[in-house]
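Since the structure comes first, as structure tokens, the remarks are kept for the end.
The values are calculated or read from the model by the stated rules, or taken from the named source; none is laboratory data. Remember, it's a predicted structure, so these values are computed and weren't measured experimentally. As a convention, Cβ positions derive from the backbone with ideal geometry for all residues, glycine included, and neighbour counts pool all protein chains shown. The protein model used for the area step is the full one, side chains on, heavy atoms only, and it has no ligands, DNA or RNA in it. Shrake-Rupley method; radii C 1.70, N 1.55, O 1.52, S 1.80 Å.
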Amino acid sequence: MVLTLGESWPVLVGRRFLSLSAADGSDGSHDSWDVERVAEWPWLSGTIRAVSHTDVTKKDLKVCVEFDGESWRKRRWIEVYSLLRRAFLVEHNLVLAERKSPEISERIVQWPAITYKPLLD
């Protein structure tokens, strides 16, 4: 069984994800999200362990997730298209990106990075 959105969506189970919810933010209002400080937003990350059904476009899609830094026993189902959810991104590809060397800051090196595709943004 393969989950697809167009032809570019592979299976979601086992993929890494990033989630942003208004419930985890300051006051939940859309204006409080300063895009200049996106790295400071209350992102949650983890791994998708199960999905409620195979059509990722359905508004009742739920995913069983295991959050980073929590015991696997605390897995839980979350609604992807919830009114409070601001973004839900799924791992798409592993790439090499340029960044400053950790040892020599003047040197640029290739570093592995994950790219994400949005289900909700």
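The table below lists the values:
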{"item": "Where segment 10-121 is the region considered: accessible area per residue in Å², 1.4 Å probe", "result": "66 Å²"}
{"item": "Length added when fully stretched, residue 39-residue 53, from 0.36 nm per residue minus Cα-Cα", "result": "1.9 nm"}
{"item": "Proximal lysines to residue 117, defined as alpha-carbon separation beneath 22 angstrom and excluding residues fewer than eight positions away on the same chain", "result": "58, 59, 62"}
{"item": "Residues with amide H under 5 Å from that of residue 86, placed H, sequence gap 5 or more", "result": "20, 21, 22"}
{"item": "Rounded, prolate or oblate (a/c below 1.5 giving rounded, otherwise prolate when a/b exceeds b/c) for segment 36-121 by Cα gyration tensor", "result": "prolate"}
{"item": "Cβ-derived FRET efficiency at R0 25 Å, residue 103 paired with residue 82, nearest 0.05", "result": "0.05"}
{"item": "Distant-in-sequence amide H partners of residue 11 (H built 1.01 Å from N, under 5 Å)", "result": "3"}
